[in-house]
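Chemist: Questions regarding the structure given below will be posed in turn.
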Amino acid sequence: MRLPNDAARRLFLHRHLLAEAPAGPGKGADLHGLIQQLGFVQLDSVRTVERAHHMILFARRPAYRPRHLGPLLERDRLLFEHWTHDAALIPMAFYPHWRLRFARDRARLESRWERQRPAGFSEEVAQVMQQIRETGACSSSDVGEGEARSKGGWWEWHPSKTALEYLWRSGDLAVCHRAAFRKNYDLTERVIPAEARDWLPTKAESIDWLCRAALDRLGFATSGELAAFWATVTPAEARDWVEAALARGAVEPVEVMGVDGKPRRSVAFPGVVEAAQTAPEPTKRLRVLSPFDPALRDRNRAERLFGFHYRIEIFVPAAQRRYGYYVFPLLEGARLVGRIDMSADRTTGALVVTALWPEPGLRWGEGRQSRLEAELARVARFAGLESVRFEDGWLRTA
């Protein structure tokens, strides 16, 4: 069975909740349901306009505001914070399957961090646990009195900070809230509801759930893409799952056509390919996407489907950047049409557009400019800004 590129794009965008016109209250049950459908929302601290997790949710719910997210984690305990391919907010219903992740992180970090992190972190593990047990939740600034403090990178964590992270990654502690984006940790039993802690799925049950849940959210995938989605199942485990699922007819093979006309062997649940080929075209609304949007997490997959090559240049020296420090992709209908370098000037209350690069061969006409201005006005309001300002020479060529 073959999935044409245009149908693959429609399916891809539909599964990432970017095909339909964005609508909904963006808070409470609606916001929780949105995150469940996505699977997780990646956290990131950079705030050139607004932090990545807020931009991801706003792209799908224009009524969303950053204040709507905290209660789901901190009050209602409908989300928990842990790792997929990076730090993320994850629905609490998925927590039992993270026990597999905890066990694997514990084994991996014990050996790696003894070599790579400051000497003495393992000796601090019991002390940190005892402190939290007796005095309650704390952040990294509340532990390790007298230890030398880091001046920057993760490699300079003090021993007690390293112990905190190890205990969190291995499941003994949980993030109860963030203050000024700093994690605060408490004992898992004080944070994670009993119903999430009480179910102990087997390794096989978790691998099956993780692979099925990934395929449901991706629409179609290779075994490697299934493994990468949650970054918990190994490539070998994902291959075995795909082979077994094919053998029992739980999934079917499909050739997904790239924008270059080349097929890629994948699998999909039965009926998905037929449905994708009759799905309606995505809304023509132009949207600003976060560089960490789930639709762009797998850069290679997005490039095969859309012909859109994207790499974030935060860590590239300024003189060597092709575009800019933190450039946002632009989605219009079923196309990624360009990228925009913009930032919030909170002194003047303006969203400042430094540069926009349309994709090669794409004309930036009046209609597209009008859709861009409407979206930037929405983004400005979302970020608490009053106006949009275009710098001289903002429209560039790639």
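The values are calculated or read from the model by the stated rules, or taken from the named source; none is laboratory data. Keep in mind that what you see is a predicted model, and the values were worked out from it rather than measured. Glycine also receives a Cβ, built like all others from the backbone with ideal geometry; neighbour counts cover every protein chain displayed. Just so you know, the surface numbers come from the protein's heavy atoms only, side chains and all, with ligands and any DNA or RNA stripped out. Shrake-Rupley method; radii C 1.70, N 1.55, O 1.52, S 1.80 Å.
Chemist: Give the residue, chosen from 226, 286, that is farther than 23 Å from residue 210 by Cα and under 27 Å from the mean Cα position of the chain (by Cα).
Modeler: That would be 286, the only listed residue that is farther than 23 Å from residue 210 by Cα and under 27 Å from the mean Cα position of the chain (by Cα).
Chemist: Would you mention how many residues in segment 180-214 are open to solvent by 40 Å² or more (accessible area, probe 1.4 Å) and not in a helix (DSSP H, G or I)?
Modeler: 6
Chemist: Out of 267, 259, which single residue is in a loop (DSSP other than H, G, I, E, B) and surrounded by 15 or more Cβ atoms within 10 Å (Cβ to Cβ)?
Modeler: Exactly one of 267, 259 is in a loop (DSSP other than H, G, I, E, B) and surrounded by 15 or more Cβ atoms within 10 Å (Cβ to Cβ), namely 259.
Chemist: Return the residues of segment 292-304 that are in contact with a helix residue (DSSP H, G or I) (Cβ under 7 Å, 6 or more places away or on another chain) and either under 16 Å from residue 55 (Cβ atoms) or of a type in the set (A, V, I, L, M) (or both); say none if nothing qualifies.
Modeler: 292, 293, 294, 295, 296, 302
Chemist: Right, something else. Please give the number of the condition residue 89 fails out of (1) open to solvent by less than 30 Å² (accessible area, probe 1.4 Å); (2) touching a Pro at 6+ places or on another chain (Cβ under 8 Å); (3) without any contact (Cβ under 8 Å) to a residue 60 or more places away in the chain; (4) not β-branched (Val, Ile, Thr).
Modeler: Checking residue 89 against (1) open to solvent by less than 30 Å² (accessible area, probe 1.4 Å); (2) touching a Pro at 6+ places or on another chain (Cβ under 8 Å); (3) without any contact (Cβ under 8 Å) to a residue 60 or more places away in the chain; (4) not β-branched (Val, Ile, Thr), the one that fails is (2).
Chemist: While we're looking at this one, here's another question. Of all residues in segment 215-231, which are within 22 Å of residue 102 (Cβ to Cβ) and open to solvent by less than 30 Å² (accessible area, probe 1.4 Å)?
Modeler: Once the filter is applied, which keeps residues that are within 22 Å of residue 102 (Cβ to Cβ) and open to solvent by less than 30 Å² (accessible area, probe 1.4 Å), segment 215-231 yields 226, 227, 229, 230.
Chemist: Based on this model, can you work out whether residue 1 counts as in contact with a helix residue (DSSP H, G or I) (Cβ under 7 Å, 6 or more places away or on another chain), open to solvent by 30 Å² or more (accessible area, probe 1.4 Å) and of a type outside the set (Ser, Thr, Tyr)?
Modeler: In short, yes.
Chemist: Tell me which of these residue 76 doesn't satisfy, since it passes every other one: (1) within 19 Å of residue 292 (Cα to Cα); (2) modelled with pLDDT of 95 or more; (3) among the charged types (D, E, K, R).
Modeler: It fails just one condition, (1).
Chemist: Among the strands (runs of 3 or more DSSP E) contained in segment 272-352, which hold 3 or more residues that are among the small types (Gly, Ala, Ser) and either buried (at least 19 other Cβ atoms within 10 Å of the Cβ) or modelled with pLDDT of 95 or more (or both)?
Modeler: 335-345
Chemist: Just for segment 232-256: of the residues that are in contact with a strand residue (DSSP E or B) (Cβ under 7 Å, 6 or more places away or on another chain) and either closer than 25 Å to residue 6 by Cβ or in contact (Cβ under 8 Å) with a residue 60 or more places away in the chain (or both), which one is most open to solvent (accessible area, probe 1.4 Å)?
Modeler: Among those that are in contact with a strand residue (DSSP E or B) (Cβ under 7 Å, 6 or more places away or on another chain) and either closer than 25 Å to residue 6 by Cβ or in contact (Cβ under 8 Å) with a residue 60 or more places away in the chain (or both), it is 253.
Chemist: Would you check if there is a residue in segment 285-296 being of a type in the set (D, E, K, R), under 25 Å from residue 42 (Cβ atoms) and in contact with a strand residue (DSSP E or B) (Cβ under 6 Å, 6 or more places away or on another chain)?
Modeler: yes
Chemist: How many of the residues making up segment 353-398 are part of a helix (DSSP H, G or I) and under 28 Å from the mean Cα position of the chain (by Cα)?
Modeler: 13
Chemist: For the list (1) closer than 30 Å to residue 258 by Cα; (2) open to solvent by 20 Å² or more (accessible area, probe 1.4 Å); (3) part of a helix (DSSP H, G or I), I need the number of the one condition that residue 13 fails.
Modeler: Among (1) closer than 30 Å to residue 258 by Cα; (2) open to solvent by 20 Å² or more (accessible area, probe 1.4 Å); (3) part of a helix (DSSP H, G or I), residue 13 violates only (2).
Chemist: Only one of 174, 163 is modelled with pLDDT under 90, closer than 30 Å to residue 210 by Cα and crowded, with 17+ Cβ neighbours inside 10 Å; which?
Modeler: Only one candidate passes the filter, namely 163.
Yes or no, residue by residue, for (1) hydroxyl-bearing (Ser, Thr, Tyr); (2) closer than 26 Å to residue 166 by Cβ; (3) buried (at least 20 other Cβ atoms within 10 Å of the Cβ):
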{"residue": "67", "(1), (2), (3)": "no, no, no"}
{"residue": "79", "(1), (2), (3)": "no, yes, yes"}
{"residue": "93", "(1), (2), (3)": "no, yes, no"}
{"residue": "104", "(1), (2), (3)": "no, yes, no"}
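Chemist: Another question about this same structure. Scan segment 23-51 for residues that are in a helix (DSSP H, G or I), aliphatic (A, V, I, L, M) and surrounded by fewer than 20 Cβ atoms within 10 Å (Cβ to Cβ) and jot them down.
Modeler: Of everything in segment 23-51, those that are in a helix (DSSP H, G or I), aliphatic (A, V, I, L, M) and surrounded by fewer than 20 Cβ atoms within 10 Å (Cβ to Cβ) turn out to be 29, 34.
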